[in-house]
1. What's the minimum Cβ distance from chain B to the axis relating it to A, in whole Å, and which residue gives it?
2. Could you give, in nm with one decimal, how far residue B:3 is from each other copy of that position, shortest first, with labels 7 Å out from Cα toward Cβ?
3. Using only the Cα atoms, what convex hull volume per residue in Å³ does the protein assembly as shown have?
4. So which residue, out of B:128, B:102, B:254, gets the largest mean-square fluctuation from a GNM of chain B using Cα contacts under 10 Å as springs?
5. In the Gaussian network model of chain B, springs joining C-alpha atoms below 10 Å, which of B:13, B:193, B:100 carries the largest mean-square fluctuation?
6. Could you work out [θ]222 nm for chain B from helices alone, using -39500 (n - 2.57) per DSSP H run of at least four and dividing by all its residues? Round to the nearest 500 deg cm²/dmol.
7. Give the long-range amide H neighbours of residue B:330: residues separated by 5 or more places, or on another chain, with amide H under 5 Å away, using H modelled in the peptide plane at 1.01 Å from N.
8. Mind checking the log10 I(q)/I(0) for the range B:8-51 at q = 0.24, 0.25 Å⁻¹? Debye, one equal scatterer per Cα, no solvent, two decimals.
There are 2 protein chains.
Amino acid sequence: MSNRPPTLDEVAQRAGVSTGTASRVINNAQHVSKKARQAVERAVEELGYVPNVAGRSLASQRRGAVVLAISSDDPALFANLFFAEVITGVNAVIEETDLQLMLVLAASERGRDRLARILQSRSADGVMLLALRENDPLSKLADESGVPVVHGGRSLDRTPQWYVDADNRGGARQAVEHLIGVGRQRIATITGQLDLHVGVNRYLGYREALALAGLSDARVAHGDFGEASGAAGMTRLLDEHPDLDAVFVASDAMAAGALRVLHERGRAVPEDIAVVGFNDVVTAQHTQPRLTTVHQPIEALGREMTRMLVRLINGERPTPLILPTELVIRDSA
Amino acid sequence: MSNRPPTLDEVAQRAGVSTGTASRVINNAQHVSKKARQAVERAVEELGYVPNVAGRSLASQRRGAVVLAISSDDPALFANLFFAEVITGVNAVIEETDLQLMLVLAASERGRDRLARILQSRSADGVMLLALRENDPLSKLADESGVPVVHGGRSLDRTPQWYVDADNRGGARQAVEHLIGVGRQRIATITGQLDLHVGVNRYLGYREALALAGLSDARVAHGDFGEASGAAGMTRLLDEHPDLDAVFVASDAMAAGALRVLHERGRAVPEDIAVVGFNDVVTAQHTQPRLTTVHQPIEALGREMTRMLVRLINGERPTPLILPTELVIRDSA
DNA sequence: TACAGTCCTGTAAGCGCTTCCAATTTCGCC
DNA sequence: GGCGAAATTGGAAGCGCTTACAGGACTGTA
């Protein structure tokens, strides 16, 4: 439709200055006279000039873009608002900068290749890596690339240098302490995978709270965060520890499964058995009874990851961050 | 960490050919001897060469990136899986190309400015515009920019040249026909905003179905797609048309509100009054009773928008697309 | 053998910008 | 008024790549 967009040279010419000066103005560098600045600003205005990103990036060796990579295809990530919330948080910070946001779904092989290439060719100024698998080769690649990388969450195999994580351990402890606070004594747990950082830490939080209260932490079933495993775990717990009066479940999906089993077995929740979940997904509000659970600060995660990345890009050295979780008390405990 | 990534010149040198030839190889252009091709490919391999996007884009006048812009901050968009699904669809197609995906949340003023600048500076090869407001100035800007633009959904004020939309009218008609099919005769509707394309078209679908069946379409309450307005609408309908035996509600959120009112008023669903919603959001599975509703093909929307955009970028002239919706029958009708 | 046509290749001119350098101007102060 | 320092400027060299263009090597045919 319209013609080629105006170039810096044209702006400079119109303003009666050199390209160098024009460039200084639009990057508001110092050493520019008020007169020159105004002339250039006027020309920019009149011409509707917008800098060409490619030219700038080639000359400056900066890309003007960061990537948000989600490297898991765990349906659970997509089955709730995780996505929307992270992006909302990321976007809020991005908007304050003049960086662009690139999105890479690095779950598939192609997606992972893509991310690898971005890293290798340094075609982004920074990368946020979310939901990395354990022992993910991308992690090493990211390290070696020389591109600033912020991780969302941690893995067991190695703690990244810069990360933002939710306080899974603290959240779990808080949940269990709540159960203790309302008088429960025989508190079980259904864990997530114990080869995942979240799985381990929520379990540790459970044990910690019980240890502090001098209660037994021996009522344990292991699950995989999925609903079916929650049901199975609950069944096992009821069989092995018929006396239990509360259960801390390491995910809402498993908690939903557990509630189903409890209902089938005729155990009243929370009267007979109190239940607390983890994550605060949408469906937690729709279980019967409504699920008391630990809310994850997803949006804040996105926000803080981005802040950290921006700092890193600016040459600062931020410290890792662990974000507090919050217990949302509903009806199940 | 590592040094500057290798350049094309270095690859060419190592392969013993000129940069021109090396460039032809990595863009697999024609007129390259098998020998030269192999030599370059080997050098690329050995050096771990990845083309520099900025250089390429500057020289080729192509950006290698498209943007997905979501220009509404309607909480409903974020309150369900809309986001995740669209992006999944978009990503699936993007992965088959070598385009990058840039995300712009253009709800805020800053976001809109950003998008405007991208359009003006042609810093993307194409744009997907989702959830544009009525009379949105971005729409005109996009047209004039000379950048290929695909719209998701339509607006009343103007039909974009290239768009993908869900068949709101057909979906509504299908929903109402279902109600007729199960023997309902006095079918009401709660509409969405009638200054929105979706609002109008779902309403038209309702009227169409009734007209075809020779039934009255006079039982109408107007809402705004939100839950509260659904409750209000239902209340009004019950007062004005106590004889109604079914209601087609233009969104699941409003349907949830309507169900609540029906419950309070002691009307059994679906026995006394059948209810059909629209959108098939997650919560539709958790209402009491579970909501029969029209499912929107969100992922397909993302996919088809992207396909269309890619065609446009390749110089083809695709035709607009209207995607079929699907009635999901649960318990409320 | 000569000649037109094809293929292949190297050369070099930018794409639009930043930034270094050196030249020029201005300023503060004795 | 004169001096050094600081501020401001223009010029030009790239950043890494694509893409005419022109020339050289080959092919097939007469």
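Each value in this text was obtained by applying a stated rule to the coordinates, not by laboratory testing. Please read all numbers here as calculations on a predicted model, not as lab measurements. Here Cβ is always computed from backbone atoms with ideal geometry, including for glycine, and neighbour counts include all displayed protein chains.
1. B:286, 2
2. 4.5
3. Working: hull volume 127.3 nm³, N = 666.
Per-residue hull volume (Cα only) is 191 Å³.
4. Taking springs between Cα atoms under 10 Å, the residue moving most is B:102.
5. In the Gaussian network model the winner is B:13.
6. The helix-only estimate for chain B comes to -14000 deg cm²/dmol at 222 nm.
7. B:292, B:293
8. Result of the Debye calculation: -0.68, -0.74.
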